Amino acid sequence: MIVHHVLFWLKADTTEDQKQAFRKGLESLQSIGVAKAFHVGTPAAIERAVVDITYTFSLTLFFEDLAAHDVYQVHPLHKAFLDEFRVYFEKVVIYDAE
């Protein structure tokens, strides 16, 4: 099992319409179909010193194996998402775990 967790920090001047489009873009990645589980989220209203709530969106995918992860990474929909939406984020952090 591979867990792919991506945190996006959108630029401060990103409009609400752009944020909605970004979220829809993230949600469209589910149609790639290789993830066993898929979740798009925003920071939870949990106030603890060890919880980072500075990001704008979170994308978490669970893959059966590294081969499924690799299919996702090169899929045309994933590449199209990056091409269209990378202009909106100022920072991205990815955590992959097995």
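The values are calculated or read from the model by the stated rules, or taken from the named source; none is laboratory data. Note that this is a predicted model, so its numbers are computed, not measured. Cβ coordinates were reconstructed from backbone atoms using ideal geometry, including for glycine residues, and neighbour counts include every protein chain displayed.
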Looking only at helices (runs of 4 or more DSSP H) that lie completely in the range 1-85, which have at least 1 residues being touching an Asp or Glu at 6+ places or on another chain (Cβ under 8 Å)? 16-28, 66-74
Might you check whether a residue that is more than 14 Å from Ile94 (Cβ to Cβ), of a type in the set (Val, Ile, Thr) and modelled with pLDDT under 95 occurs anywhere in the range 40-50? yes
Residue match in the range 63-80 (condition: charged (D, E, K, R) and within 14 Å of the chain's Cα centre (by Cα)): yes
Give me the pairs: first residue in the range 28-52 and without any contact (Cβ under 8 Å) to a residue 60 or more places away in the chain and within 29 Å of Ala80 (Cα to Cα), second residue of a type outside the set (Asp, Glu) and in a loop (DSSP other than H, G, I, E, B), beta-carbon distance under 6 Å, and six or more apart or on different chains, which are they? Ile32/His75; Pro43/Ile53
Does Glu27 fit the bill of being more than 18 Å from Val3 (Cβ to Cβ) and touching a strand residue (DSSP E or B) at 6+ places or on another chain (Cβ under 9 Å)? yes
Taking Tyr95, is it closer than 20 Å to Ile2 by Cα, exposed (fewer than 11 other Cβ atoms within 10 Å of the Cβ) and among the aromatic types (Phe, Trp, Tyr)? yes
